[in-house]
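Inspection log for the structure reproduced underneath, given as structure tokens.
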Amino acid sequence: MFISLFIKLFFLLTPFFVLTMFLSLTRDMDHHEKQRMAVRVTCAVFCTTFVIYFLGNAIFDIFGITLDAFRIGAGSLLFLSAVELVRGKAGKKPEHEESDGDMSVVPLAIPITVGPATVGGLLVMGAGHHQLSETLIGSLSLAAAVVCVGILLSMATHIERIIGKTGIIILSKLTGLILSALAAQIVFTGIRNFLL
């Protein structure tokens, strides 16, 4: 269960798209500045994702939303994000780049790494865990996924040198394909449970 959930969460964070944006936004920084930026982005993503992951049930209770209804909505949104990744439209440089402030939280952590579709997916996965063991495994999987994204960012320059920009773009498109399958699974599960 850990490996399966880890893989889902890792691709839900769209690591290779994040890597592309990170390289674009930090192109004028030296190696040490990029390392510090990678650490700050990882910490921001860690805090954001865990808050979202554990507040799922509370949010659903407050707004009176069923988990299956949210599965259908979040899955649809995730599918649209996957299509953008495959078509390459998600790779446009964000306008936030013009700001001279810290980019680690906005836009790198939010909304590039933790966008609306990622928020929806995390809420669905977090709310689906009812037992302590499931919650523990989910937490470990999420932590491992965020750490792996952080490692990718810290090695961004080396990765770009090895596989090139074209290689990163190809990996982003593959991520989109995997996300589309994950989105379809979330939607189908919601529809099936809703009809039963």
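Numbers at a glance
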item: Single unsatisfied condition, residue 175 versus (1) farther than 23 Å from residue 3 by Cβ; (2) in contact with a Pro (Cβ under 9 Å, 6 or more places away or on another chain); (3) among the polar types (S, T, N, Q); result: (1)
item: Out of 46, 63, 2, sole residue that is surrounded by 14 or more Cβ atoms within 10 Å (Cβ to Cβ) and either out of contact with any strand residue (DSSP E or B) (no Cβ under 9 Å at 6 or more places or on another chain) or closer than 22 Å to residue 192 by Cβ (or both); result: 46
item: Residue list for region 27-50, filter: over 23 Å from residue 121 (Cα atoms) and free of Cβ contacts under 8 Å to residues at least 12 places away in the same chain; result: 27, 28, 29, 30, 32, 33, 36
item: Residue ID - nearest to residue 25 (Cα to Cα), chosen from residues in region 155-179 that are surrounded by fewer than 18 Cβ atoms within 10 Å (Cβ to Cβ) and among the small types (Gly, Ala, Ser); result: 164
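Rule-based calculations on the coordinates, nothing more; no lab input. Source: prediction; values computed, not measured. Heads up, the Cβs are rebuilt from the backbone with ideal geometry, glycines too, and the neighbour counts pull from every protein chain shown.
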